[in-house]
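Data block below; observations after.
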Amino acid sequence: MDYADIIACELGRLQRIRDRTVALIASLSKGEVDPAIYSCLYRLAIDGPMRSGALAEALYSDPSTVSRQVAHLVERGLVERRADPVDGRAIVLAVTENGRRMADTVRARRTENIGRVIGDWPESDRAEFVRLLGRFLNDYERTRPDMIAAMKREYLKETR
């Protein structure tokens, strides 16, 4: 059995389900909850103030994309720009009280929804899933540079 292929297919299925759910939530909230923007807010709420470049890196995102998302968060009063306490010439991004409330609300809703999914699972299955998912994600992050390098080599080979 090719477990890697099965896992890849299941992850694709999860992504499709998640994409449709997120689109529905965005529609129902009339654009109030934008998952990409929420990711910026959530990362800042969890990790604390940081520079825009560090936020882009933490999100595996393009700095210009993160810059636009942060501008939207600042405009809505959810994030503010502050002088970096280490280097006063630089700017860090920090979550405001309103931003923290929104992050907490969205996180609680997400946790409640995941709770619905695993609510009937035995405790041992939940614990095992958390352990294996964490391991999978840690290993995915660790091997990500190798995956990207292999894809780059493959695409370069194809364009020759």
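The values are calculated or read from the model by the stated rules, or taken from the named source; none is laboratory data. Computed from a prediction, not measured in an experiment: that's the story for all the values here. For neighbour counting, all protein chains shown are included, and Cβ atoms are generated from backbone atoms with ideal geometry for every residue, glycine included. Side chains included, ligands, DNA and RNA excluded: accessible areas come from the protein's heavy atoms. Shrake-Rupley method; radii C 1.70, N 1.55, O 1.52, S 1.80 Å.
Please find, within the stretch 37-76, the residue that is nearest to residue 98 (Cα to Cα) out of those that are assigned to a helix (DSSP H, G or I) and of a type in the set (Asp, Glu).
Among those residues, the one meeting the criterion is 75.
Which of the numbered conditions does residue 93 fail, given that it passes all the others? Conditions: (1) over 25 Å from residue 18 (Cβ atoms); (2) open to solvent by 40 Å² or more (accessible area, probe 1.4 Å).
(2)
Quick one: is residue 45 among the hydrophobic types (A, V, I, L, M, F, W, C) and either open to solvent by 60 Å² or more (accessible area, probe 1.4 Å) or modelled with pLDDT of 95 or more (or both)? First the steps, then the outcome.
On the way: among the hydrophobic types (A, V, I, L, M, F, W, C): yes; either open to solvent by 60 Å² or more (accessible area, probe 1.4 Å) or modelled with pLDDT of 95 or more (or both): yes.
So residue 45 passes the test.
Report every pair of residues separated by at least 6 positions or lying on different chains whose Cβ atoms are under 6 Å apart, first residue within the stretch 45-67 and under 24 Å from residue 108 (Cα atoms), second outside any helix (DSSP H, G or I).
That search, which allows pairs on different chains as well, returns 45/95; 49/92; 49/94; 50/92.
Please enumerate the residues belonging to the stretch 96-113 that are outside any loop (DSSP other than H, G, I, E, B) and open to solvent by less than 80 Å² (accessible area, probe 1.4 Å).
Residues of the stretch 96-113 that are outside any loop (DSSP other than H, G, I, E, B), as a first pass: 97-113.
Matches in the stretch 96-113: 99, 102, 103, 105, 106, 108, 113.
With the requirement that a residue be in contact (Cβ under 8 Å) with a residue 12 or more places away in the chain and under 20 Å from residue 140 (Cβ atoms), what does the stretch 8-34 give you?
Within the stretch 8-34, none qualify.
Among the residues of the stretch 114-124, is there at least one that is open to solvent by 100 Å² or more (accessible area, probe 1.4 Å), farther than 20 Å from residue 22 by Cα, charged (D, E, K, R) and in a helix (DSSP H, G or I)? Explain how you work it out, then say what you get.
Just the residues of the stretch 114-124 that are open to solvent by 100 Å² or more (accessible area, probe 1.4 Å), to begin with: 116, 120, 123.
Remaining after also requiring farther than 20 Å from residue 22 by Cα: 120, 123.
Pick out the ones that are also charged (D, E, K, R) and you get 120, 123.
From what's left, in a helix (DSSP H, G or I): 123.
There is at least one residue in the stretch 114-124 that is open to solvent by 100 Å² or more (accessible area, probe 1.4 Å), farther than 20 Å from residue 22 by Cα, charged (D, E, K, R) and in a helix (DSSP H, G or I).
Can you pull out every residue in the stretch 34-53 that is under 14 Å from the mean Cα position of the chain (by Cα) and not aromatic (Phe, Trp, Tyr)? Full working, then the answer.
Let us first name the residues in the stretch 34-53 that are under 14 Å from the mean Cα position of the chain (by Cα), namely 34-47.
34, 35, 36, 37, 39, 40, 41, 43, 44, 45, 46, 47, listed by residue number.
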